[in-house]
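Here you go, one structure.
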Amino acid sequence: MSTPPRRQPAYLEIADNVRGMIERGELQPGDRLQTERELVEHYGVARMTVRHALDILQLEGLIDRKRGRTGGTFVRVVPPLLELTRMDGFLPQLRERGQTVTSHVLIAEETRANPTVAQGLAVSPDDPVYRVMRVRRVENVPMLIEESFFPHALFPDLLDRDLSHSLYELLDAYGRRPTRKEESVAPGVATALEQERLEISRNLPLLRITRTAVDASGAVVEYSEDTLRSDVARVQVITTG
């Protein structure tokens with residue numbers, strides 16, 4: 001006597017169904033999905049089951065869930081692919097695509113280097129440094145939290161400058177444009193504060209990028225710890241032989 005095939009859990013069936021609609025083009029990038037209540041009624045399941053299915057689709061990068069009055073669940077637009085190793089950073093690459101990028105300065109202060117920052121900037125612990133934290137938005141969508149540190153000795157009046165534009169262009173004005181960068185990338189989970197600043201849910205994966213930039217003289221001019229939304233931009237590394 002044969003055993004009837006076991007049905008998979010309802011949340012997987014819902015995820016498979018919506019995924020298939022996206023793959024077949026029945027749902028296009030930017031389309032709004034039904035509300036959770038409508039999905040509950042459509043599939044005849046509990047709300048928690050629907051949320052579990054949506055969590056899976058979000059982790060797969062197929063949908064985006066937005067908060068607020070104009071929020072909802074949308075089919076994700078494929079994010080731009082940005083080259084991590086370009087010396088001029090992400091901003092010119094986004095401009096080349098015709099996208100509007102804005103910066104909101106959250107913190108601009110003089111502080112003392114903690115051990116991690118001191119090592120990154122090749123200064124002594126407690127040396128004076130500048131800390132600049134910004135949220136970069138692409139087409140008014142938060143993409144990146146930048147937390148950058150600069151040696152006070154190299155940029156004595158940095159806080160008097162306009163920090164809302166490209167910081168590398170600003171360093172160039174000091175004659176300290178970076179010529180070499182060392183970067184490391186690791187996956188991360190958003191903290192509560194990062195969720196608020198990036199306007200995301202707790203389940204959205206992030207990329208944490210740590211960078212040290214050096215100018216032509218060999219001086220370290222920047223140490224930064226950036227947090228990138230993986231649904232808004234992807235990164236690639238290009239090497240040459």
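Stretch Arg69-Lys181 to full length: gain in nm at 0.36 nm per residue minus the Cα-Cα span?
That works out to 36.2 nm of additional length.
HN-Hα J couplings of the stretch 188-203 from phi, Karplus 6.51/-1.76/1.60, θ = phi - 60°, integer Hz, Gly and Pro as x?
x, 10, 5, 6, 4, 5, 5, 4, 5, 6, 9, 6, 10, 8, 5, 8
Moving to a separate point now. I'd like the Karplus ³J(HN,Hα) series for the stretch 144-160: coefficients 6.51, -1.76, 1.60, θ = phi - 60°, whole numbers in Hz, and an x wherever there's a Gly or Pro.
So the J values, rounded to whole Hz, are 8, 9, 9, 10, 10, 10, 9, x, 4, 5, 8, 9, x, 10, 4, 5, 8.
Helix-only mean residue ellipticity at 222 nm, the chain, DSSP H runs n ≥ 4 weighted -39,500 (n - 2.57), per residue, nearest 500. What is it?
Taking each H run of at least 4 residues, the total per residue is -7500 deg cm²/dmol.
Between (i) 0.97; (ii) 1.32; (iii) 1.08, which matches Rg/Rh (Cα atoms, Kirkwood Rh) calculated for the structure shown?
So the calculated entry is the one marked (iii).
So, counting K/R as plus one and D/E as minus one, what does the shell of residues with Cβ under 10 Å around Pro178 add up to?
+1
Coordinate-derived values only; no laboratory data. Bear in mind that the values here come from a model prediction, so they are computed numbers and not experimental data. So basically every Cβ, Gly included, is an ideal-geometry build from the backbone, and we count neighbours across all protein chains shown.
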